[in-house]
Amino acid sequence: MVVVMGPEATEADIAAVVSIVETAGGEAFVSRGVARTIVGLVGDVEQFGSLNLRGMDGVRDVIRISVPYKLVSRENHAERSVVRVGGVPIGPGTMTLIAGPCAVETPEQTLQAAQMAKAAGATLLRGGAFKPRTSPYAFQGLGEQGLRILADVREETGLPVVTEVVDAHDVELVASYADMLQIGTRNAQNFALLQAAGESGKPVMLKRGMSGTIEEWLMAAEYVAQRGNLDIVLCERGIRTFEQATRNTLDISAVPVAQRLSHLPVIVDPSHSGGRRDLVLPLTRAAIAVGADGVIIDVHPHPETALCDGPQALVDGDLRELARLVRELPPVFGRALT
Ligand code: E4P
Ligand code: PEP
């Protein structure tokens, strides 16, 4: 951490900064320039953060050099991580396709969607049994019945299951069926839920908050990691911007930025970003080209009757192109489809 003193700072102001840092158990190194003085601090950065240095006389700025997320940062873990979900790797070197229905509606619909997903090259099945809906009148998911359907479909297809948990009290229940817990954009800063997921013993897919910065996203991941769970996959799913033409704005640059800052795998959700079927394949191409470690895609056998997000679900006709794309594009970028 560096404290930048203003040109008006007196020797007494500088001495006061040094003194408060040393009293807190840190070391302070004063470096006097022509125009201003800076004080470099060595020690417990979190403790320095509580010293109210910014409010002291003569202090112009306090700059944090190290990142505040320790466990998920690449500063202390240079190698990029691979997270395994039911044996399926997500991480560098591979490109993982996760696909399935947005919501589990019936056993038949879920099985058909899973078969469509598998035929396109998916190695993990997505599907929501607990749906976070904007309207309390919208379909909220089948709950545990939906989890049972997912478990049956896993049995039938061999695809491990990724499914969302929306409430900390349901983590144990969802974890007893799921291979990976999904935390959605609306819960990206639900700290109790993040902590409970961190204690679940299951890998966690953490979506970026729709209005969350990359730092907030990584701090959310840190909540999971802090509970002893480093099996976390970050998912960029589009953010809120002024643009109305798409449901969300896919922040494609977030992929390499997050990969540079964190060792965790980063995947993209082209379905929830664009919100429209015709955008899913172009955004998938972009995700693979930018170096995403995977994509998560909605598919539905009959999107016109879907109870959630039908307009963005891929149908049979699109899946041939999806299959071609995930087979041919990743090798161009040095990756293999898992
Ligand atoms: C889907 O997976 C989400 O639950 C869905 O996108 C929520 O959006 P809505 O409730 O605004 O339709
Ligand atoms: C989902 O993938 O089912 C979902 C609810 O997505 P998001 O949290 O990104 O809106």
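Points worth noting:
- You will find that of Asp231, Asp278, the residue that is at pLDDT 95 or above, touching a strand residue (DSSP E or B) at 6+ places or on another chain (Cβ under 7 Å), open to solvent by 10 Å² or more (accessible area, probe 1.4 Å) and not hydrophobic (A, V, I, L, M, F, W, C) is Asp231 and no other.
- Qualifying residues in the stretch 104-116 (those that are touching a helix residue (DSSP H, G or I) at 6+ places or on another chain (Cβ under 8 Å) and within 16 Å of ligand 2 (Cβ to nearest atom)) - the one nearest to Leu159 (Cα to Cα): Ala114
- Residue in the stretch 46-59 that is at positive phi and either in contact (Cβ under 8 Å) with a residue 40 or more places away in the chain or assigned to a helix (DSSP H, G or I) (or both) present: yes
- The condition (being out of contact with any Cys (no Cβ under 7 Å at 6 or more places or on another chain), farther than 24 Å from Arg260 by Cβ and away from ligand 1 (no atom under 16 Å from the Cβ)) is satisfied by just one residue among Glu199, Glu215: Glu199.
- Residues within the stretch 145-157 that are over 22 Å from Asp316 (Cα atoms) and within 15 Å of ligand 1 (Cβ to nearest atom), tallied: 1
- Residue in the stretch 185-204 that is hydrophobic (A, V, I, L, M, F, W, C) and under 23 Å from Pro92 (Cβ atoms) present: yes
- Candidate set from the stretch 102-144 (those that are surrounded by fewer than 24 Cβ atoms within 10 Å (Cβ to Cβ) and among the β-branched types (Val, Ile, Thr)); member that is nearest to ligand 1 (Cβ to nearest atom): Thr134
- Filtered residues of the stretch 186-221 (kept if closer than 23 Å to Val67 by Cα, in contact (Cβ under 8 Å) with a residue 60 or more places away in the chain and crowded, with 20+ Cβ neighbours inside 10 Å): Met205, Lys207, Leu218, Ala221
- Restricting the stretch 295-319 to residues that are β-branched (Val, Ile, Thr) and within 22 Å of the chain's Cα centre (by Cα), the residue that is farthest from Thr123 (Cα to Cα) is Val299.
- Restricting the first member to the stretch 96-110 and to residues that are among the hydroxyl-bearing types (Ser, Thr, Tyr), and the second to residues that are open to solvent by 10 Å² or more (accessible area, probe 1.4 Å), the beta-carbon pairs closer than 8 Å and six or more apart or on different chains are Thr96/Val88; Thr96/Pro89; Thr96/Thr123; Thr96/Leu337; Thr96/Thr338; Thr106/Ile149; Thr110/Ile149.
- The sole residue among Arg240, Arg227, Arg247 that is in contact with a Ser or Thr (Cβ under 6 Å, 6 or more places away or on another chain) and of a type outside the set (Ser, Thr, Tyr) is Arg240.
- Condition met for Val174 (within 16 Å of ligand 1 (Cβ to nearest atom), within 22 Å of Thr96 (Cβ to Cβ), touching a residue at least 60 places away in the same chain (Cβ under 8 Å) and not aromatic (Phe, Trp, Tyr)): no
- Summed over the stretch 121-142, the residues that are among the hydroxyl-bearing types (Ser, Thr, Tyr) and either touching a Ser or Thr at 6+ places or on another chain (Cβ under 9 Å) or near ligand 2 (Cβ under 9 Å from one of its atoms) (or both) give a count of 1.
- Scope the stretch 218-254; condition among the charged types (D, E, K, R) and within 16 Å of ligand 1 (Cβ to nearest atom); matching residues: Glu236, Arg237, Arg240, Arg247
- Count - residues of the stretch 44-99 that are surrounded by 16 or more Cβ atoms within 10 Å (Cβ to Cβ) and not aliphatic (A, V, I, L, M): 13
- All positions within the stretch 4-31 that are of a type in the set (D, E, K, R), surrounded by 11 or more Cβ atoms within 10 Å (Cβ to Cβ) and not in a helix (DSSP H, G or I): Glu27
- From the list Glu236, Glu328, the one residue that fits, being at pLDDT 95 or above, touching an Asp or Glu at 6+ places or on another chain (Cβ under 9 Å) and acidic (Asp, Glu), is Glu236.
- Selection over the stretch 250-268 of residues that are touching a Gly at 6+ places or on another chain (Cβ under 7 Å) and open to solvent by less than 10 Å² (accessible area, probe 1.4 Å) gives a count of 3.
- When we screen Asp298, Asp318, Asp278 for residues that are within 15 Å of ligand 1 (Cβ to nearest atom), charged (D, E, K, R) and not in a loop (DSSP other than H, G, I, E, B), the only hit is Asp298.
- Contacts under 6 angstrom Cβ, first residue in the stretch 230-241 being at positive phi, partner among the aliphatic types (A, V, I, L, M) and open to solvent by 10 Å² or more (accessible area, probe 1.4 Å), 6 or more apart: Gly238/Leu250
The values are calculated or read from the model by the stated rules, or taken from the named source; none is laboratory data. Everything numeric in this text was worked out from a predicted model, so none of it was measured. Every residue, glycine as well, gets a Cβ built from its backbone with ideal geometry; the counts of neighbours run over all protein chains shown. Accessible surface areas use protein heavy atoms only, side chains included; no ligands, DNA or RNA. Shrake-Rupley method; radii C 1.70, N 1.55, O 1.52, S 1.80 Å.
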